[in-house]
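Trainee: Could you have a look at this structure, given as structure tokens, before my questions?
The values are calculated or read from the model by the stated rules, or taken from the named source; none is laboratory data. As the structure is a computational prediction, the values presented were derived from the model and not from experiment. Here the Cβ positions follow ideal geometry from the backbone for every residue, glycine too, while neighbour counts run over all protein chains shown.
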Amino acid sequence: MHTPINQEEFLDLLDQAIFETRDMLSMIESEGEDGELGENAGVFEVLEGMLVELHAEICAGRHTFGGSSLAYADLLVRFRSRIPFADVLEMLNAVQKSGFP
């Protein structure tokens, strides 16, 4: 996976994470709450909200890169094994903390 080196590449990776999150929610909806993934619905709903909010903040120019972790960092640590695209989320958080080169 390519490490984003600017805001545009970061947004592309963020869009991928949003897509993956919505795809998971769609699969959960298709199989129903009683399905194998149903217990994870709340995790993906919260994650989707955080990712969409981050996207809006970046596009509005209200987001600063470098320093602190992203809002979902604690959720990622807690539920990493349930998130198939955790590596994408980790990459976004790593870039957030270090900033762009």
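Trainee: Mind checking which residues of the stretch 29-44 are surrounded by 13 or more Cβ atoms within 10 Å (Cβ to Cβ) and modelled with pLDDT of 80 or more?
Mentor: Residues satisfying the conditions are 29, 41, 43, 44.
Trainee: Does residue 45 satisfy being of a type outside the set (Gly, Ala, Ser), more than 14 Å from the chain's Cα centre (by Cα) and assigned to a helix (DSSP H, G or I)?
Mentor: Against the criterion (of a type outside the set (Gly, Ala, Ser), more than 14 Å from the chain's Cα centre (by Cα) and assigned to a helix (DSSP H, G or I)), residue 45 does not qualify.
Trainee: Hey, can you tell me all the residues within the stretch 63-95 that are of a type in the set (S, T, N, Q) and closer than 17 Å to residue 41 by Cβ?
Mentor: 81
Trainee: Continuing with the same structure: Take the stretch 1-34 and flag every residue that is in contact with a Leu (Cβ under 7 Å, 6 or more places away or on another chain) and among the β-branched types (Val, Ile, Thr).
Mentor: 18, 21, 28
Trainee: Considering each residue of the stretch 38-70, count those that are among the small types (Gly, Ala, Ser) and within 17 Å of residue 99 (Cβ to Cβ), and give that number.
Mentor: 5
Trainee: Only residues that are under 20 Å from residue 22 (Cβ atoms) and surrounded by fewer than 16 Cβ atoms within 10 Å (Cβ to Cβ): list them for the stretch 91-101, please.
Mentor: Result: no residue meets the conditions.
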